[in-house]
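Student: The structure is given below, and queries will be raised subsequently.
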């Protein structure tokens, strides 16, 4: 019930529209049902002495309609048609809302994650994110659909009960009481289904997280004939998921199997009480049997829908928690000053650590504008961390980072990052066209920007020679291109929005000497217009740079210019 109320509160306007439409449909159906009693009385030739029958006849006569057989039939059919039309509108809105719920949940989670601190983001498994965006969002949206159906069925129960109360309040209350007892008795199956649904959500997240990791390294696993190990682990996880799904299906089937015979027994009991105990007339008995059968049947459907809601609700709460956790780890950005890069960048007395692991103890670096600066050092000394500090992805424990003499935390961080082009250590391209790999969905850029960036990156010649040029597919992770080609497209991606600062993390670590030399020449040409900082341990990059710093023991020492580094 908590989830049902939550859906209504989170999406109040759409839920209100659906509820109003369902209420109108219920009223239309109720009006048509009240015509059943006088209709049956006319059919069997009895006089209708019931309160609701007399009320219906009097109401028709007051508006100038004679309660004949054909008139009452038209009222019943018309009411049902009106109910159907209103329900069609309501269900259409439900369909739109289900799609909206899924989209809203996906965007909420993605925006919260992208706004979170970098260190928090690094701890989130990619597979879990993919599962949340695809599977959990879909299941959560289905949960909203089931919750609306619970409301719709409850509305119909209410309408039928109100009509039945006018005929025989004793029989109606007795049937409602029996129906509630039935729901309570069978609620144990609903609770078991909820537990199975929660287990499914947990197992699906684990399975897709592991699957994502396995697929990213499938080439090396197959090359070593170790893909059977991954298959064994995945097999175990899928077996657990199968068990949870089987329990959910069995509980759902058990609920349906038990409801049908119980409903038949209750209907027979109601018929006996109506004829023998309360001595209702034949038309009243026929209407009551119809109404009570409908009431009990709708209560059963309501419980089944609620059971389906409990299966899906864990996905909704898992998504909500993931988004709330990400928002709790949001970046703290307080800077408002507009950034410029006309003088240079200074890092002064920077201290930084990862918990107990000290990275920088007293880091001091001066980086002039429109120059090529290389930072070298052994693995683990903080080369990549230095770039993270310059981007504002992490903050120093103490010390100052100044851009044109202004503290970085006083600068509008988003505007500062828009001035940065970044090329990561792992050149990962999308399984998409060259054009889309450069633009990556940026609405302010177009093909002319991509072409300009490719020229700047020294990549236009090979791209234009591809069979479809900019529209050529690069393959999974860019596998249809060489390492040097992938790297130059990555540089073009970083240049497309015309940054002023270009940061590169090991730009040539996986390249052959010829490709490495080409990249270095490209960077030297770009340094006439851009400020470039590259972290690397490759001699070719060090030789190409104008300024070189060596990271060691938590500090940086400038390297005197030399002709060659072996």
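The values are calculated or read from the model by the stated rules, or taken from the named source; none is laboratory data. Since the structure is predicted, the reported quantities are computational estimates derived from the model, not experimental observations. Note: ideal-geometry Cβ built from the backbone for every residue, glycine included; neighbour counts use all protein chains shown.
Student: Name the one entry in 133, 101, 150, 190 that is at pLDDT below 75, in a helix (DSSP H, G or I) and on the phi < 0 side of the Ramachandran plot. Explain how you work it out, then say what you get.
Tutor: Values: 133 fails: at pLDDT below 75; 101 fails: at pLDDT below 75; 150 fails: at pLDDT below 75.
Unique residue meeting the criteria: 190.
Student: Hey, could you check segment 338-365 for residues that are surrounded by 14 or more Cβ atoms within 10 Å (Cβ to Cβ) and under 20 Å from residue 500 (Cβ atoms) and say which is nearest to the chain's Cα centre (by Cα)?
Tutor: 339
Student: Still on this structure, please answer the following. In segment 544-560, is there at least one residue being over 25 Å from residue 350 (Cα atoms), surrounded by fewer than 20 Cβ atoms within 10 Å (Cβ to Cβ) and assigned by TED's automatic domain parsing to the domain that holds residue 424? Break it down stepwise before answering.
Tutor: Here is the first cut: in segment 544-560, the ones over 25 Å from residue 350 (Cα atoms) are 544.
Of the ones still in play, those that are also surrounded by fewer than 20 Cβ atoms within 10 Å (Cβ to Cβ) are none.
No: segment 544-560 contains no residue that is over 25 Å from residue 350 (Cα atoms), surrounded by fewer than 20 Cβ atoms within 10 Å (Cβ to Cβ) and assigned by TED's automatic domain parsing to the domain that holds residue 424.
Student: Answer yes or no as to whether residue 472 is in contact with a helix residue (DSSP H, G or I) (Cβ under 6 Å, 6 or more places away or on another chain), within 23 Å of residue 519 (Cα to Cα) and surrounded by 15 or more Cβ atoms within 10 Å (Cβ to Cβ). Walk me through how you get there before you give the answer.
Tutor: On the way: in contact with a helix residue (DSSP H, G or I) (Cβ under 6 Å, 6 or more places away or on another chain): yes; within 23 Å of residue 519 (Cα to Cα): yes; surrounded by 15 or more Cβ atoms within 10 Å (Cβ to Cβ): yes.
So residue 472 passes the test.
Student: Please determine, by comparing only the residues of segment 307-338 that are assigned to a helix (DSSP H, G or I) and in contact with a strand residue (DSSP E or B) (Cβ under 9 Å, 6 or more places away or on another chain), which one is nearest to residue 126 (Cα to Cα). It would help to see each step written out before you state the result.
Tutor: At the first step, the residues of segment 307-338 found to be assigned to a helix (DSSP H, G or I) are 307-328.
In the following step, the residues that additionally are in contact with a strand residue (DSSP E or B) (Cβ under 9 Å, 6 or more places away or on another chain) were identified as 325-328.
Values: 325: 16, 326: 14, 327: 18, 328: 19 Å.
Applying the filter and picking the extreme gives 326.
Student: Next question. Among the residues of segment 380-389, is there at least one that is free of Cβ contacts under 8 Å to residues at least 12 places away in the same chain, under 23 Å from residue 425 (Cα atoms) and part of a loop (DSSP other than H, G, I, E, B)? I'd like the intermediate steps shown before the answer.
Tutor: Let us first name the residues in segment 380-389 that are free of Cβ contacts under 8 Å to residues at least 12 places away in the same chain, namely 380.
Checking the rest, the ones that are also under 23 Å from residue 425 (Cα atoms) come to 380.
This time we only want the ones that are part of a loop (DSSP other than H, G, I, E, B), so: 380.
Scanning segment 380-389 turns up at least one residue that is free of Cβ contacts under 8 Å to residues at least 12 places away in the same chain, under 23 Å from residue 425 (Cα atoms) and part of a loop (DSSP other than H, G, I, E, B).
Student: Moving on to the next point. For segment 422-452, what are the residues that are under 27 Å from residue 362 (Cα atoms) and at pLDDT 85 or above?
Tutor: First, the residues of segment 422-452 that are under 27 Å from residue 362 (Cα atoms): 422-425.
Answer for segment 422-452, where residues must be under 27 Å from residue 362 (Cα atoms) and at pLDDT 85 or above: 422, 423.
Student: Among (1) within 36 Å of the chain's Cα centre (by Cα); (2) surrounded by fewer than 16 Cβ atoms within 10 Å (Cβ to Cβ); (3) under 30 Å from residue 343 (Cα atoms), where does residue 492 come up short?
Tutor: (2)
Student: For segment 139-159, which positions are surrounded by fewer than 22 Cβ atoms within 10 Å (Cβ to Cβ) and free of Cβ contacts under 8 Å to residues at least 60 places away in the same chain?
Tutor: 145
Student: Filter segment 507-529 down to the residues that are in a loop (DSSP other than H, G, I, E, B) and in contact with a helix residue (DSSP H, G or I) (Cβ under 8 Å, 6 or more places away or on another chain), then identify the one that is modelled with the lowest pLDDT.
Tutor: 510
Student: Look at residue 280 and say whether it is surrounded by 15 or more Cβ atoms within 10 Å (Cβ to Cβ), at pLDDT below 75 and over 31 Å from the mean Cα position of the chain (by Cα).
Tutor: Values: surrounded by 15 or more Cβ atoms within 10 Å (Cβ to Cβ): yes; at pLDDT below 75: yes; over 31 Å from the mean Cα position of the chain (by Cα): yes.
It is true that residue 280 is surrounded by 15 or more Cβ atoms within 10 Å (Cβ to Cβ), at pLDDT below 75 and over 31 Å from the mean Cα position of the chain (by Cα).
Student: Identify all residues within segment 359-376 that are in a loop (DSSP other than H, G, I, E, B) and more than 20 Å from residue 543 (Cβ to Cβ); write none if there are none. Break it down stepwise before answering.
Tutor: First pass over segment 359-376, keeping only residues in a loop (DSSP other than H, G, I, E, B): 369-371.
369 - this is the single residue of segment 359-376 that is in a loop (DSSP other than H, G, I, E, B) and more than 20 Å from residue 543 (Cβ to Cβ).
Student: If you don't mind, there's one more thing I want to ask. Any chance you could count how many residues in segment 456-469 are modelled with pLDDT under 85 and either outside any helix (DSSP H, G or I) or loosely packed, with under 15 Cβ neighbours inside 10 Å (or both)?
Tutor: The number of residues fulfilling the criteria is 4.
One line per residue, one yes/no per condition, for (1) touching a helix residue (DSSP H, G or I) at 6+ places or on another chain (Cβ under 7 Å); (2) surrounded by fewer than 19 Cβ atoms within 10 Å (Cβ to Cβ):
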| residue | (1), (2) |
| --- | --- |
| 389 | no, no |
| 392 | yes, no |
| 406 | no, yes |
| 410 | no, yes |
| 415 | no, yes |
| 419 | no, yes |
| 424 | no, yes |
| 428 | yes, yes |
| 432 | no, yes |
